[in-house]
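First the structure, in the form of structure tokens, and then the observations on it.
Readers should treat all values here as calculations from the given coordinates under stated rules, not as data from a laboratory. Worth saying up front: this structure is predicted, and the values here are computed from it rather than measured. Virtual Cβ from ideal backbone geometry, glycine too; neighbours counted across all protein chains shown.
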Amino acid sequence: MFLIVAVFLFSGVSEVKSQVLVESVAAIVGNEVIFLSDIENMVLDLRSNGNKTPIDELRCNVLRELLVSKLFLDQARIDSIEVTDDMVENELMPGLTMLSAGRVVRKPFRRISRKA
């Protein structure tokens, strides 16, 4: 009886140690979710294209770009504007291109006037 319990306990411990993180939410903007894997995949892409920015700074820059794009997407949904994936990608790509070149340009947000 003791042997069976000991084997069960030790096998349970090994299962606990072998658990891995499947997915983690990095941010939520309205109804939009940014996953940690989204950030890491974009960072890997930028690194593979030769970006030499320090990794923490690069992660922050990527997160900022994703937050802005999700903010626009969520606001468009609120305003009932149809936004396609291509439209979002076309807006996001110039910022990512600057990130991949190692140039981060901070420019103020455009003000969009709302009609009442």
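Descriptive notes on the structure:
- For Glu89 and Val20, a Förster radius of 30 Å and the Cβ-Cβ distance give a FRET efficiency of 0.50, rounded to the nearest 0.05.
- Between Phe35 and Glu82, the simple label model (points 7 Å from Cα in the Cβ direction) yields a spacing of 2.8 nm.
- Going by neighbour counts of Cβ atoms within 10 Å, the residues Ser24, Ser100, Ser80 line up, fewest first, as Ser80, Ser24, Ser100.
- Cα gyration tensor shape of the range 21-100, rounded if a/c is under 1.5, else prolate or oblate by comparing a/b with b/c: oblate
- Counting other Cβ atoms within 10 Å as a rough exposure proxy, the listed residues Lys70, Lys52 run Lys52, Lys70 from fewest neighbours to most.
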